[in-house]
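The values are calculated or read from the model by the stated rules, or taken from the named source; none is laboratory data. These numbers were taken from a predicted model, which means no experiment stands behind them. With ideal geometry, Cβ positions are generated from the backbone for all residues, glycine too; neighbour counts draw on all protein chains shown.
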Amino acid sequence: MKVRLSLLLLTLLYGGFQLSAEESNQLNEKYRRSSIAMFTIVHPADSFSTEIRQAVQSMPFPDKYDNHDIGIQFLEGTPHADRKVDLSNEIIEYLRQNQIAKELVAKWFCFNGNGFDTKLIAERGLYDATVLDAQNAMNTTRGQAMLADAGEELIGKTFILINDISYVDHKERAEIVSETSRAVGETAQVVGDAANEVLGLFGDLGSSVGGLLSATGGLVNTAAGMLGDITDMLNISGFVVRINSYLFQLEWNDSIANTFYNNYYTINEPEKISAFLADTTTFQMKYIGKYEQYTDKGTMYSQKSQSEQMLVTCTRTLDKNIVNLQKKYPVFQVKTPICEIAYNDKDKFIGYRAYIGTKEGITPKSKFVVLEKQVSEDGQTFYKQVGTLKPDKNEIWDNRYMVSEEELKNNGGRPLTATLLKGTKNLMPGMLLFEGKFDAKQEKAKIAQAKKEAKAAKKKEKEKEQKK
């Protein structure tokens, strides 16, 4: 038997349905998120390193993830940042030496130095805390299934995002253009195209340089001459930062889970606690990959202070990194619930709304599969695809950090509080949106395996009873 969680809402549909803002917000909170701990690498001798540090401390946490903070916020990098250096090996060694993976596990099980509990897992996974308690759950088929489900749905989707942030000065910006020009050729036209592409990262500045190249292309015979003009243009830009984000995932599988529950999980047994603290090999992080992003627009808000400009710059650039990491690595992709069924002024159904928008990289070309959460008899979670949706190009929510009225005007926007999506009908609030390819075969295999394990467990319990 499978329980269709969204069916609980069907009785509300007679005669039309609309959630209140408060109910929508509550619904939006009640779904399972992946968890992240975020560290920032700062370079003390770089320009604006203090401002970058202050900006990071003020940044809002990504709202599509649970905050799995373990008390580490900053790592000190080299005195001067080098954007050409890949720090993945150094970071992997740091994580290993400091047993960061074990710290993440300890956080999940509320380790207090003397024992563990499953309160946080129950809270984030929407489980019954009394049923999930590991001391008791290991003795029942349903309890074991819920622990396995929590491992796959929650613990195994724990990530560390380490962001190497540095200010990009005028000289380095010119070097970026220079490197690109050498890679594609030296003719004025080719260099112009390359420079235009790179400088597009700097918003309005890219347009200015594009105009300069078009006007002077016939007069500039060498890349060096053109780059001199480009450097002059760069000097009028606002803050530009480079963020190189390194993504790691906590390794958690049946073998690791069994080791933890059997050898370490306890309420107050000193021997097990000592063994957990001494273990330096069981818990590890897996390197997923990285993404480098420059500020998409030099921020020159005349009415904002320097610290506010840096905060906006860093926050928006990091948001873009997270979006690109999600697109590049499916394991990092998130699910977002439909928050309400949408009607027009004449009470005619027009689609669905969800709290996603420009910040999450939503465009008119975005496509979503709609997933319905299901739970098997023994408590395992599965997903079934029930539809597809696309954003209405005229109602994509601009939810970038501290978006200004001027930016909304420039983008032809108007104030929205959610994005409108259209497509499959008869969907329900609480169903989950997933941008990417949904592996239906994998989900079916999980269901089949769960049924097989449940059947075997029941047979084992029956044989045990007969022996008594």
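So here's what we get for this one:
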| item | result |
| --- | --- |
| Residue match in region 311-329 (condition: aromatic (Phe, Trp, Tyr) and out of contact with any Lys or Arg (no Cβ under 8 Å at 6 or more places or on another chain)) | yes |
| Single residue of Pro44, Pro79, Pro62 found to be assigned by TED's automatic domain parsing to the domain that holds Tyr127, in a loop (DSSP other than H, G, I, E, B), within 24 Å of the chain's Cα centre (by Cα) and not aliphatic (A, V, I, L, M) | Pro62 |
| Selected residue [small (Gly, Ala, Ser), at pLDDT 90 or above and out of contact with any Lys or Arg (no Cβ under 6 Å at 6 or more places or on another chain)] from Ser404, Ser366 | Ser366 |
| When residues of region 407-443 are limited to those that are surrounded by 16 or more Cβ atoms within 10 Å (Cβ to Cβ) and at pLDDT below 75, the one farthest from Val331 (Cα to Cα) | Gly413 |
| Scan of region 116-143 for residues that are assigned to a loop (DSSP other than H, G, I, E, B), more than 19 Å from His68 (Cα to Cα) and in contact with an Asp or Glu (Cβ under 8 Å, 6 or more places away or on another chain), ordered by number | Asp133 |
| Residue in region 279-288 that is at pLDDT 95 or above, more than 24 Å from Ser88 (Cβ to Cβ) and in a helix (DSSP H, G or I) present | no |
| Residues (outside any strand (DSSP E or B) and under 22 Å from Leu427 (Cβ atoms)) located in region 377-398 | Asp392, Lys393, Asn394, Glu395, Ile396, Trp397 |
| Those residues of region 309-332 which are in contact with a Phe, Trp or Tyr (Cβ under 7 Å, 6 or more places away or on another chain) and surrounded by fewer than 18 Cβ atoms within 10 Å (Cβ to Cβ), in sequence order | Asn324, Lys328 |
| Pair list, Cβ < 6 Å and 6+ apart or interchain, from region 302-319 residues that are among the aliphatic types (A, V, I, L, M) to residues that are at pLDDT below 90 | Met310/Phe239; Val312/Thr299; Val312/Met402 |
| Test: residue in region 323-330 that is touching a Ser or Thr at 6+ places or on another chain (Cβ under 8 Å), modelled with pLDDT of 95 or more and not in a loop (DSSP other than H, G, I, E, B) | yes |
| Only listed residue being surrounded by 15 or more Cβ atoms within 10 Å (Cβ to Cβ), closer than 28 Å to Leu247 by Cα and touching a strand residue (DSSP E or B) at 6+ places or on another chain (Cβ under 9 Å), chosen from Ile92, Ile121 | Ile92 |
| Conditions (1) loosely packed, with under 10 Cβ neighbours inside 10 Å; (2) touching a Cys at 6+ places or on another chain (Cβ under 7 Å): number failed by Glu465 | (2) |
